[in-house]
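Rule-based calculations on the coordinates, nothing more; no lab input. Nothing here was measured: the structure is a model prediction, and the numbers come from that model. Note that we place each Cβ from the backbone using ideal geometry, even for glycine, and neighbour counts take in every protein chain shown.
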Amino acid sequence: MNVQVELDGHTLRIDLLAGTPIAIPLDPHGPQPTFFTDVPASARPLRSGDYVGDVRLGGSCNAEVVQLVPHCHGTHTECRGHLTRERLKVQETVFTEPCLARLVSVAPRAEEDGYPCWSLDDLQDALDGDLPVEALVVRTLPNDPGRMSTAYEHAPPYPVFSEAAMRWLATLPLKHLLVDSPSLDPAHDGGRLRIHRLWWCMDGNPGPRGLDTARRSATEMIFVPDPVPDGLYWLHLGLSPLLGDATPSRPILYPTEVSP
């Protein structure tokens with residue numbers, strides 16, 4: 001099913017039957033990625049009186065109690081409330097309408113604070129153009145499927161944005177940022193979270209004119225399969241109804257053709 005969208009003088013033709021989810025499936029009973037903790041997401045049968053929520057244990061039906069930390073377990077979307085005293089909720093804060101996104105594949109080339117970095121030059125080359133892109137999706141090269149089950153506490157440092165790259169990105173009219181790393185910042189940076197703060201234009205950092213950067217989102221721990229080519233897509237963010245400053249999400253990229 002194809003739909004057409006008129007956007008800033010461009011006609012977008014979107015294939016809604018060919019969407020690719022880029023969330024990592026989170027199996028509380030199997031392999032999964034973990035970040036900033038050694039404790040994986042887990043699930044156990046609900047017990048109430050004589051009831052047990054597992055048919056294999058004699059229960060009448062299955063019902064599980066699931067324990068997870070959205071920031072630490074699997075694909076999740078964050079809002080500015082990750083950094084503020086105000087208890088902001090993703091669903092009430094970020095831009096939620098679908099939008100035009102660009103997928104770029106970038107190999108880290110620099111290093112800061114012991115972490116490999118996506119560089120300013122590579123991102124500028126990848127984002128060259130005049131289309132009204134509102135979301136950036138970053139796929140790290142080489143594209144290792146092992147990210148879908150990496151225990152990051154025991155893995156080599158993952159890629160992050162260089163400070164120069166994020167200072168530049170933060171000036172663009174982007175609403176959403178999606179990365180296959182578990183965090184925009186190094187895991188143990190003394191609580192600075194400087195890349196997060198730059199993205200949300202906090203601490204006096206300038207942002208693009210006319211965009212409420214407090215409504216930006218950051219989605220971490222995605223995985224984009226190799227067969228999905230770099231280019232333009234229609235993004236549906238797919239937020240869960242679990243309220244908080246971060247929530248599990250299931251972003252989907254729909255192939256998009258653009259006519260002038």
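Before moving on, here are some points about what is shown:
- The average projected area of region 40-153, computed from the convex hull of its Cα atoms over all directions, is 12.3 nm².
- Stretchable slack from T96 to R215, in nm (0.36 nm times residue separation minus alpha-carbon distance): 41.9 nm
- When each of T75, T34 is scored by the number of other beta-carbon atoms lying within 10 Å, the sequence from fewest to most is T34, T75.
- What the Kirkwood sum gives for region 181-226 is a hydrodynamic radius of 12.2 Å, with every pair of different alpha carbons counted.
- Packing-based ranking, highest mean first, of 168-175, 120-127, 231-238 given that Cβ atoms within 10 Å are counted: 231-238, 168-175, 120-127
- Cα centroid of region 91-127 to Cα centroid of region 8-65, whole Å: 27
- Qualifying GluC sites (Glu not before Pro) in region 78-114, where qualification requires a DSSP coil assignment and no more than 13 other C-beta atoms within 10 Å, comprise E86.
- Whole-Hz Karplus values for region 136-146 come out as 10, 10, 10, 10, 7, 9, x, 8, 8, x, x Hz, taken residue by residue from phi with 6.51 cos²θ - 1.76 cosθ + 1.60 and θ = phi - 60°; glycine and proline positions read x.
- Based on the reciprocal of the average 1/r between different C-alpha atoms, the Kirkwood radius for the chain equals 19.4 Å.
- Built amide H within the under 5 Å cut-off of C117, gap 5+: R109, A110, E111, E112, V160
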